[in-house]
Every structure is written in structure tokens, then in C-alpha cells.
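A short worksheet on the structure shown next.
The values are calculated or read from the model by the stated rules, or taken from the named source; none is laboratory data. This one's a predicted model, so the numbers in the text were calculated from it and none came from an experiment. Glycine also receives a Cβ, built like all others from the backbone with ideal geometry; neighbour counts cover every protein chain displayed. Accessible surface is based on the protein model in full, side chains and every heavy atom, while ligands, DNA and RNA are left aside. Shrake-Rupley method; radii C 1.70, N 1.55, O 1.52, S 1.80 Å.
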Amino acid sequence: MDFLKVLKIEEENYGASTGREWLKTTDQGVLEVHSPVDGKLIAKVYQASKEDYDKVAEKANEAFKYWRTVPAPKRGEIVRQIGLRLREYKDALGRLVSYEMGKSLQEGWGEVQEMIDICDFAVGQSRQLYGFTMQSERPKHRMYDQYLPLGVVGTISAFNFPVAVWSWNAMIATVCGDTNLWKPSSKVPLTAIAVQKILAEVIEENDLPEGLFNLVIGRGSVIGESMLNDTRLPLISITGSVEVGRHGAQVIAKRFGKAILELGGNNAIILTPNADLQMAIPAIVFGAVGTAGQRCTTTRRLIIHESIYEQVKESLLKAYKSLKIGDPMDVNNHVGPLIDKAAVMDFKNALKVVEKEGGKVIFGGEVLEGEGYESGCYVVPALVEAENHYHIVQEETFAPILYLIKYSGEVQNAIDIQNGVVQGLSSAIFTTNLREAEEFLSPWGSDCGIANVNVGTSGAEIGGAFGGEKATGGGRESGSDAWKAYMRRQTNTINYGTDLPLAQGIKFEI
């Protein structure tokens with residue numbers, strides 16, 4: 001495929017890089033990367049060793065000692081060039097994202113656009129790493145706080161966004177004066193390799209040291225655990241399941257490191273009697289079936305007022321029947337494959353469980369076979385009538401299953417249902433009633449990190465801080481003031497007088 005050549009993806013690729021060098025270990029096993037689109041082998045990747053990891057981490061630590069001395073706007077200039085280079089590779093990289101992961105081509109291009117957008121955001125941020133001046137109680141004293149580079153930032157990314165989430169962390173960390181060490185999902189290593197090779201062009205053109213951007217592909221038990229336990233990494237961003245995040249947070253906390261956790265989501269949209277359904281239905285369908293239900297912000301629960309329940313159900317049935325399922329490289333298709341057959345099994349098992357618990361599958365649930373579906377990873381998105389207390393509804397199934405849940409009475413009843421899960425990532429309400437909207441956004445409203453009015457749960461912009469509460473982990477990435485996580489905060493006091501007054505009026509004479 002032409003886009004593989006453009007991105008310099010070989011038939012066999014190495015799994016560790018310091019930006020200028022690829023470490024050529026070949027005895028740690030080989031990842032055979034098959035596309036969920038057609039089941040074909042795309043390429044192979046040699047996994048990195050523990051020794052590779054240590055070499056890369058040391059290079060990253062050495063590079064940090066230099067990078068922190070570079071003025072932040074100069075660091076921003078490098079990120080600006082990365083954004084420009086990504087623009088040149090947007091088509092090819094978007095196609096690889098789509099082919100390797102299975103999301104639609106439009107979403108693949110959109111993911112690369114997210115990378116470009118965060119580069120633009122970070123360039124501006126490089127001149128706005130603000131501290132604050134406070135008033136001192138002591139005469140001729142100035143007191144302020146400042147933010148300083150933190151160190152080597154580790155990113156452990158998931159398969160569903162092979163490159164975008166890494167960029168949220170890496171580009172912000174770079175302008176903050178940090179170096180980066182990336183462990184991508186072993187399900188989608190080729191996009192990470194492609195990005196590393198794009199970065200290498202900018203590194204070489206600017207004669208930057210190796211270790212600024214680093215990549216290590218390998219087993220979680222080897223590479224992942226090494227990162228979690230490595231005191232050279234003061235901060236690690238982890239995107240994954242609640243179980244993965246809980247383990248990572250505990251290990252990192254033992255060494256007093258910091259963690260940004262982007263974990264599970266069990267996101268709901270509330271439809272009140274005042275909802276504009278012409279606006280709501282497309283948002284619901286995209287939120288539920290986009291990326292084949294494999295987004296952390298996927299709409300998984302639809303909480304519908306009983307007075308409009310049947311109308312909404314009929315509208316969704318009509319919309320779901322019109323969905324085109326197939327090769328995501330064809331822009332006319334709406335839904336591509338799940339990432340692998342294990343995900344298909346999770347999809348099927350969830351539907352079996354919900355029926356046992358009393359739910360009713362009213363559409364979809366089939367695994368597609370035959371021409372065009374040879375990979376065995378294509379399913380028909382499912383609509384299920386259910387209740388919020390079902391055990392399976394309380395869980396996050398990473399697949400296109402939308403649970404329809406009925407509520408009655410006031411909007412607070414719907415909010416209570418929405419909040420009645422352990423996850424707290426994204427949420428939305430569709431209403432034209434100001435009181436309902438404001439109640440949803442009030443302190444007793446949505447308990448999620450993202451709460452939208454007349455906007456779906458999926459598709460956040462990079463300008464806002466991204467993340468959630470409760471079992472979602474509490475982390476924040478991307479925009480707003482999320483940059484502060486990648487720096488260490490320091491309070492400074494300067495005495496420019498000739499006396500030494502103590503705070504709180506304490507007297508100490510010698």
C-alpha cells in the first residue's frame with residue numbers, strides 16, 4: 001500500500017528508538033500486525049527488551065538536562081515544525097490509523113488533525129507558562145510561584161486512539177521542557193513507528209539530541225512495568241481500563257511519582273421531553289457507533305423520558321437500519337470493524353448477559369460474515385432496552401451497544417440514573433429548557449469530567465481539559481490548564497530589603 005511506503009513502514013520493523021537511532025533487538029518476540037479491516041498481515045515489529053528500555057530511558061533523561069535549558073518559545077518552535085510536518089503526512093498517516101485500528105477513514109484523518117491542533121495549541125502555550133505574584137505580609141519582599149520542567153514524561157497509550165492521545169501529552173510536555181517516552185498499544189504499533197519516523201525528520205533538521213522523543217514497543221510485563229517502577233519518569237499518563245489504571249497508580253504512588261489516568265467511561269445522554277430530537281438523534285448515533293463503540297467517550301446509555309421513549313426508539317431503529325457497515329477505508333461506510341476477535345467475543349457475551357438480566361435486544365448484535373467481512377471483526381451495532389442497575393450496564397463494554405433506559409418525573413431523576421455508575425468521564429443532556437440545562441451543570445448535576453448541553457458525549461475539542469472523575473481516574477490532558485501537570489510548581493520569596501522580618505510576626509534574636 002502506498003501509504004505504508006510514504007510512512008517508511010517496512011515489512012519488519014524495530015521496536016525501540018531514541019529519535020535518532022533504532023535499537024535492533026530481535027530476540028524478544030515478534031508482533032504480527034494484522035488489520036481488522038481485512039485480516040491481512042500489514043507488517044511485523046520486533047519487541048524491545050528490558051535492556052532496550054533502560055538505554056532509551058537513560059537517553060531521555062540525558063536529553064532532559066539539555067531540553068530544560070532551552071527557552072520555552074524555542075521549544076514551541078520545534079513543536080510548530082512538527083505540526084507542519086504532520087500536515088504533510090496527514091493523508092498517509094490517517095489511512096494507516098484507519099487500516100491498522102479499524103476506525104473510519106474520516107476518523108483516521110480526524111485523529112491526525114487532533115495531533116496538528118494540539119501542536120498549534122502547544123505553540124501558543126509555550127509563551128504562556130504563567131506563574132502568579134502574591135502579596136507578602138513582610139515589607140520589601142516579593143512572593144510568587146513559577147512552573148519548571150518536570151523531567152521525562154511517560155505515555156502508555158491505548159489502541160483506540162493510536163496517536164492522538166500520545167500527542168496530547170507529548171506536545172504539551174515538550175513545550176514545558178520535558179522529554180517523552182512512549183509505549184503504544186501492542187495492537188497498533190505501526191502508527192507509533194510512523195510518527196517516530198516523522199519526528200526524526202524534525203530532530204535531524206534541527207540537530208536536536210537523541211532522547212527528546214522516545215519509543216519503546218514491547219510486553220506490558222516488561223516495558224510497562226519498567227516504566228511504572230522507573231524513578232526517572234516523574235509522570236506517566238496511562239490510558240486504558242480501570243484495572244490497568246488502578247495497578248499503574250498504585251505502583252507509581254509507591255515511588256511518589258505522578259500519574260494522569262484516563263480510564264473507563266460509561267457515558268450517558270439524557271433526553272428530556274424538551275429535547276430537540278432532530279439534533280439529538282445524529283449525536284446519539286455517532287456517539288454510540290463511531291469508532292465501532294471503541295471510544296472512552298462512546299455513548300453507552302441513553303436515558304429517555306417516558307413521554308418520548310417510543311418516539312425515540314422508533315427514530316433510532318430507523319437510523320440504525322440505515323447504517324453502512326464495512327471497510328472503513330471507504331468513506332461511504334459509517335461503521336468499521338472491532339479491533340480484534342476478542343473484542344467481538346466481549347460484544348457477544350455482553351448481549352447474552354444483558355438478556356439474562358432481563359434486557360431486550362431490539363436491534364443488531366450479529367457478527368457479519370462473508371465477502372468484505374473476512375476478518376471476523378465486523379458486528380451490527382446493538383440497541384438494547386435495559387435498566388441502569390443491571391450488572392452489565394454498570395460495566396463498560398468496549399463495543400457498539402447502546403442501552404435504552406426509561407425515566408419518569410423531573411430531570412433530577414435522570415441525572416441520578418446517569419450518575420449511578422462508578423465511571424465519570426463524559427455526559428450530555430439534550431433539552432431546550434434552561435432550567436433543566438442549568439440543573440444538569442449544577443453542583444448536584446452531572447458528576448462527570450465532561451458535561452455537555454445539546455452536544456453528544458463523543459468528540460471533545462483539544463482546547464478543553466480532557467478527563468473524568470471517579471473510576472475514570474481524575475486525570476486531565478490536552479487543553480485549558482492541563483499543562484500544569486507536566487511541570488513542577490515552586491513558590492519563591494525574594495527579600496530585597498536590609499532587614500530579616502519573619503512571617504507571622506515571629507521574633508528571633510541572636
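At a glance:
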{"quantity": "Charged-residue dipole, Cβ positions (Lys, Arg, Asp, Glu), the chain about Cα centre, Debye nearest 20", "calculated": "1240 debye"}
{"quantity": "Label point at GLN128 placed 7 Å out along Cα→Cβ; residues across segment 65-86 whose backbone nitrogen lies under 15 Å", "calculated": "73, 76"}
{"quantity": "Rounded to the nearest 10 Å², the accessible area of VAL37 at probe 1.4 Å", "calculated": "10 Å²"}
{"quantity": "Residues in segment 478-503 that a label on ARG142 would reach, taking backbone N under 13 Å of a point 7 Å out along Cα→Cβ", "calculated": "492-497"}
{"quantity": "Three-way shape call for segment 116-197 based on the alpha-carbon gyration tensor, with the a/c threshold at 1.5", "calculated": "prolate"}
{"quantity": "Loop chymotrypsin sites (Phe, Trp or Tyr not before Pro), segment 444-510, which have at most 12 other Cβ atoms in a 10 Å radius of their Cβ (DSSP)", "calculated": "TRP444, TYR496, PHE508"}
{"quantity": "Shape call, segment 422-468: gyration tensor on alpha carbons, a/c limit 1.5", "calculated": "oblate"}
{"quantity": "Protection-proxy order for peptides 327-337, 152-162, 276-286, 297-307, each taking the mean of Cβ atoms within 10 Å per residue, highest first", "calculated": "152-162, 297-307, 327-337, 276-286"}
{"quantity": "Carbon/sulfur fraction of accessible area - segment 282-335, other protein chains in place, 1.4 Å, %", "calculated": "50 percent"}
{"quantity": "Percentage relative contact order, the chain, counting C-alpha pairs under 8 Å, at least six apart", "calculated": "18 percent"}
{"quantity": "Surface per residue (accessible, 1.4 Å probe) for the chain, Å²", "calculated": "42 Å²"}
{"quantity": "Highest to lowest packing among 129-141, 451-463, scored as the average C-beta count within 10 Å", "calculated": "451-463, 129-141"}
{"quantity": "16 Å Cα-Cα reach of LYS140 towards aspartates and glutamates, excluding residues that sit fewer than 8 places from it in its own chain", "calculated": "ASP499"}
{"quantity": "In order through segment 420-431: 3J(HN,Hα) via Karplus (6.51 cos²θ - 1.76 cosθ + 1.60), integer Hz, x for Gly, Pro", "calculated": "x, 9, 7, 7, x, 8, 10, 8, 7, 9, 10, 7"}
{"quantity": "Estimated FRET transfer efficiency (LYS24, GLN394; beta-carbon r; R0 35 Å; 0.05)", "calculated": "0.15"}
{"quantity": "Candidate lysines - alpha carbon under 30 Å from LYS356, same-chain residues fewer than 8 apart omitted", "calculated": "LYS313, LYS318, LYS321, LYS324, LYS341, LYS348, LYS406, LYS470"}
{"quantity": "Contour minus Cα-Cα distance for GLU62 and VAL331 (0.36 nm per residue)", "calculated": "92.4 nm"}
{"quantity": "Positive-end residue of ILE339, VAL289, TYR46, charge dipole of the chain with Cβ unit charges", "calculated": "TYR46"}
{"quantity": "Unit charges at the beta carbon, dipole of the chain: most positive-side option, GLY497, MET134, THR155", "calculated": "GLY497"}
